[in-house]
Each structure stands twice: as structure tokens, then as C-alpha cells.
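The values are calculated or read from the model by the stated rules, or taken from the named source; none is laboratory data. Note that the structure is a prediction, hence the values are computed from the model and not measured. Every residue, glycine as well, gets a Cβ built from its backbone with ideal geometry; the counts of neighbours run over all protein chains shown.
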Amino acid sequence: MTFAFMRAGSLLAASLFLLVNGVQAQWITQTVELKQGWNAVFLHIDATHESLDSILAADPSHPIQEVWRWNPAGTEQFIDNPLAPVNQVSEWTKWDRLNPGLGLQMLGGDTAYLVRVDSAFVGTYRWSVVGKPVLPRSVWRVDGLNLIGFATSPDSPPRFYEFLQNATALDEVSTEIFQYKGGDLGENNPAAIVGQLLETTPVRRGEAFWIRNGQVFNRYFGPFEIANVTMGSLRFGSSLSTLSFRLRNLSPNALTISASLVESEAAPVGQAAPVDVPPLLLRGNIDFTDLTYGYTNMPVGVTRTWTLNGRDQEGSEVEVVLGLDRSSMAGTPGDLFAGILRFTDSLGFSQVDLGISAEMASSTGLWVGNAAITQVGQYLKSFLRDSSGELFADESGRYQVTGVETNLTAVASPTTLRLIVHNPASGAARLLQRVYVGSGIEGQIVLSNSEKPLDPAEFGNARRISAAHLPWSESNLGWSLSGLIQLGDTLTTRVTTLHGDQAANPFLHTYHPDHDNRDASFSSELPAGIESYDIVRDITLLPLLPGDDFQSRTAAGTTLTGIYRETIQLLGGQGPGKQYEVQGYFSLSRVNELPEMLFVDP
């Protein structure tokens, strides 16, 4: 690869400022070495959680006098000729030790800065800044100079010549590279990296360089890139279970990219501290026998690799799908889990840190799903027979029952029952016959047992969810379960329908004389067991651990599955009544996170 270089007289760094703000909770310290005079610094972390004054105040003896950042207002503004930052130039933002409250106030990530150290300082000052890792998203300008840094390996950075061998866009143009060596500005500061210096000058992590390559666009900032990541980090929050991004090989030859999970450093004072690293799953190949995906865990310190073909070839990039195993997260709602995915390449050139975070989810809200009845207990009586095999009757003419067969047997086709459960922040969950979801009178989203709290003007956008198998009542208070929805807790409740409930009892037909629960004169109600029965349903939800596949484990935070059991008793008359057992499976999904549900009078 051939480079032609120019010399600049008085050249100072400039940068586009990219402010990356967020609530991720992974932390890392970047340390840069500063010499007396002017230094070009590139931050791979975002430190906007505190002011620049506070960062520098951590070491009252620091020798830093000025920090400059350039803020281009548009593509028509660029640096073409040597330019020193001065207060009259609006493109620059400056922090000055003599006037710290003016100008530059925070340090953003993926950004280059000019730092001036006191001219009387002797030696090297190690400036450490704590922040959140930010993905490289440098902008390459073809209309002027670029002040950029590279996410190279901190332990053994490559030299410029070998590092830029993969930047094929720079092959046939005149490329200029300049470096600050400290000291005052002059004919050789910044100095051109030319000739033999290309093979000896390291591309240090945290150092910014001026680079220009004519009118050719360049997207090379390392042999690989991580694409399709929003705001510079992966954030599962309290509800997401899967996230994806793409790994791309930008070098012309095959490249192996490695990733490992690294623990976050201690959080700065006043910032949320992670309780642990997120339990990550890396999605594997699909199993076509059951259409599920396999997975591998990504614990701290274990390396996962991808080998990609050269740039622009088939197989030069891959989609990486990460899942969060919420079923293995231990803590209280709101706890933060955070870490850093550290990517390196087989050339040893780059180290890219990708922040990853998740929040311990609450199970509060509205859960809706179904139970599928797959087994039914038969109520089959066995009768006493005489020696000839005929049924035997006693003196009153009644056949004698010798046993009742109640074993569960499979049904020909499952029966589906709608389940609606509201899980509050405390107390007990409640099984509901119907629920109303919509905009309230004050504009907020509400859950209610009635449509009264809903805004009549928004009825068209409201929803009513009903469970037809549960008894309807005007009050619609539902049935309290034995606890809250959470993995490992069995939930039970009893649903009773009285024999005289004309609105809900399936044995009654209000306008049929044989099924209206009235005597022949229609003047009085009949007791249970004549035309109708009291129905007592004991419902049990037994949650199970998620299946051992990618989809099941990642869905555990917002989906609950398990065994559904129900005992049905028909009561009336003198005897103990009849009892039926049914069993199957249930699945509930959280469709709303509101912890409060309004119960109003009908």
C-alpha cells in the first residue's frame, strides 16, 4: 500500500461530538497519557453522567489547563487548513481551568478532544476517566480533515502501516496523517507520520490523529465492525428478552472475531450499581424436528468465536442473537444487571467494548392466556351383579354401586379455556371473568372491572377481555388466588356458582319450566339437586421451569407456563355429590404492566 504525505504547520484537533446518553449501568475506566503541551485524546467511553469540572476535581493537582471540542454545525463547515482553536471560532467548545463554568461541560463518547497540559509540567500525567463503553461510530468526512481515534488493542497496538493495510479505500489516494507529540504548537507539532514512521508509530487506543484522504469515503476504523446497535449498547431493560446485532468483517481476508463477557467496574458515586452480570444465552442453530433453537451460555471469561470470510464475500457477516435468561435472575424488581461484551479479532488489532444491561422485571400487570384441557376424569360407576351376571337391586329397587372410576384419560380434542389474571405489586393475584383496558377520563391507561372509569370518547380504542367459562356477575370482583404470579409458586382458587344463579349456572334456563329452578306453580325456588346444582370449581395453576431451548428460556420473563388442574363438584341433595377431575396445560403472557386495577361498583 502506498501513501503520500503532506506536512502541516500549525494543526489542532477537531471532532464531531456525539452525545450518547442512556441508563445502562456498565462502567469502565479509560486512562490516557498526557504530556506537557497539546495532546489529542479520543474517548471510547461516555462520561456525561457527571460534569467535566467534577471529573477533573477528583485530582486537585492535575496539570490540565484546557480541553477543546469542535462542534461542526453542518456539512459545509470543515477543517481544510491548519486551524488553532480560539474563542472567536464558534465551532469550538472550550473548558478552561480559569473559567471552568463556561463552555464545555461534559465528555461524550466516541469523540476526540484537544487537551493542553501546563507547560511547566514534567513527565507523563495519567488521566483516568470513568464512563460507559461506546461503540465506534466515527464519521468520515471527504470535505476536510478527520480527527479520529481507533479502538485498538490496549496491550499491543498495531503500527500504522499494518493497521491500514486492510483500509483498501486509502490505497490510491494521497493520505495525510498527523500526530501530536506534546509541547507547543509549531512546524513539527502536529507532525506528519510519513515514511519509516508508518512502520514504527503505534495506533494507540485513546489517542486521536488527523487523517485526510482526498475525496474518497472511508468506513474502515478496524478490521471488523458491530452494526445495528442502538445508542451504543445493548439494553434489555425490564421487558425485552432478545436482542440482535451484526458482526461484519471489513478486512479482505478471513477473520476470526472473539467475544467474552467482562464484569462492570464499580459504579461512580450516585450512579446505579449492577448487582451481577446478565445471564446471557447465545442462540444456536434451529432444530427442524421441533423448530426450536439451541443455545450456549455466555458466562464471564468464556470466549465465543465467529470466523467470517473476507469483506464483500458471502459469509463476511453474521447475525448474532443474544437472549436473556430471566428465569435465572435473582433479586428484586428494579435491580440492574450489567456487563461488557469485549470483542477482539485474530489479527490482534482491535478491542471493541459493547455495554450490555438488563433490569430485574416485576411480574405486576395483566396476564392473559389459555388453559388446554387434555385429560378428563370419567365418572363411571360399577354395579353389583348376581351370579347370572344381571344387575342386583336391593329391596327398594336400587342398584348397588361397587365403585366409581375417576382415572384421567386423554380427550380426543383439547378444550381451551381463557385465563385472565391481574398480578398486583403486593397481596394476591386475582382471577377475572372480564377486564376493561383503555384510556381513562384523565387520559391515563387504566385496568378496571367496569367500563365506568374509561373515557366514553375513547370507547372505540378500549378493549374488553372475557373468559366465557367463568361465571358472570354484575359486580365482577373476580377470585383471589393463593399468591402472586411467580415461578415456583402454585396458585389455587375456588370458583363457586350457586344452583339458583340464573345468570351463570349452566343447568338453568330461565324460560324453560323444567330447568328454571322453580316449582310447578313458579312461586318458589327449588333446593339444589332437583333441577340445578351448586358448582364448585377448585382451580390450580402449577408453574413449571421453562423448557431447555432458546425460545423457552428467553420468554420466561413475560410468559408463564405450567400444569392446569381443576376439580369440579356438583352439590345438591342428601349425598356427597359428584366430582370430576380435569387436567391440561396453561400459558400466560403479560400484556400490561399496570400494578393497579380499579374495582368500581356496577
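Taking Arg246 as the residue in question, decide whether it is touching a Gly at 6+ places or on another chain (Cβ under 9 Å), at pLDDT 90 or above and either basic (Lys, Arg) or surrounded by 15 or more Cβ atoms within 10 Å (Cβ to Cβ) (or both). When the stated conditions are applied, Arg246 does not pass them. Restricting attention to the stretch 13-31, the residues that are under 16 Å from Trp68 (Cα atoms) and either surrounded by 23 or more Cβ atoms within 10 Å (Cβ to Cβ) or modelled with pLDDT of 95 or more (or both) add up to 3.
Put simply, of Asn249, Asn166 the only residue that is over 34 Å from the mean Cα position of the chain (by Cα) and closer than 19 Å to Arg311 by Cα is Asn166. Looking only at residues of the stretch 302-351 that are of a type in the set (Ser, Thr, Tyr) and at pLDDT below 95, we find that the one that is surrounded by the fewest Cβ atoms within 10 Å (Cβ to Cβ) is Thr332. Scan the stretch 311-327 and tell me whether some residue there is in contact with an Asp or Glu (Cβ under 8 Å, 6 or more places away or on another chain) and either free of Cβ contacts under 8 Å to residues at least 24 places away in the same chain or more than 29 Å from Gly206 (Cα to Cα) (or both). Within the stretch 311-327 (the criterion being in contact with an Asp or Glu (Cβ under 8 Å, 6 or more places away or on another chain) and either free of Cβ contacts under 8 Å to residues at least 24 places away in the same chain or more than 29 Å from Gly206 (Cα to Cα) (or both)), the answer is no, since none of the residues qualifies.
Residues of the stretch 184-209 that are under 22 Å from Ser153 (Cβ atoms) and either crowded, with 18+ Cβ neighbours inside 10 Å or in contact with a Pro (Cβ under 8 Å, 6 or more places away or on another chain) (or both): Ile193, Leu198, Thr201, Pro202, Val203, Arg204, Arg205, Gly206, Glu207, Ala208, Phe209.
Once the stretch 96-120 is narrowed to residues that are touching an Asp or Glu at 6+ places or on another chain (Cβ under 6 Å) and of a type in the set (D, E, K, R), the residue that is modelled with the lowest pLDDT is Asp96.
Results for (1) under 29 Å from His422 (Cβ atoms); (2) at pLDDT 95 or above, shown as yes or no for each residue.
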{"site": "His469", "(1), (2)": "yes, yes"}
{"site": "Asp514", "(1), (2)": "no, no"}
{"site": "Asp519", "(1), (2)": "no, no"}
{"site": "Ala528", "(1), (2)": "no, no"}
{"site": "Thr540", "(1), (2)": "yes, yes"}
{"site": "Thr554", "(1), (2)": "yes, no"}
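Restricted to the stretch 569-602, and to residues there that are closer than 30 Å to Gly547 by Cα and among the aliphatic types (A, V, I, L, M), the residue that is nearest to the chain's Cα centre (by Cα) is Val591.
Would you list the strands (runs of 3 or more DSSP E) that sit entirely within the stretch 516-602 and hold 2 or more residues that are touching an Asp or Glu at 6+ places or on another chain (Cβ under 8 Å) and among the hydrophobic types (A, V, I, L, M, F, W, C)? Steps first, answer last, please.
Working: elements: 534-543, 559-571, 578-592.
Counting at least 2 such residues, we get 559-571.
Filtering Thr152, Thr93 for residues that are within 17 Å of Ala40 (Cβ to Cβ), crowded, with 22+ Cβ neighbours inside 10 Å and hydroxyl-bearing (Ser, Thr, Tyr) leaves a single hit, Thr152. Screening the stretch 416-499 for strands (runs of 3 or more DSSP E) wholly inside it with 1 or more residues that are buried (at least 18 other Cβ atoms within 10 Å of the Cβ) returns the ranges 434-439, 445-448, 491-497. Within the stretch 178-213, the residues that satisfy the criterion of being under 41 Å from the mean Cα position of the chain (by Cα) and aliphatic (A, V, I, L, M) are Val203, Ala208, Ile211. Among the residues of the stretch 427-454, those identified as among the charged types (D, E, K, R) and at pLDDT below 95 are Glu442, Glu451, Lys452.
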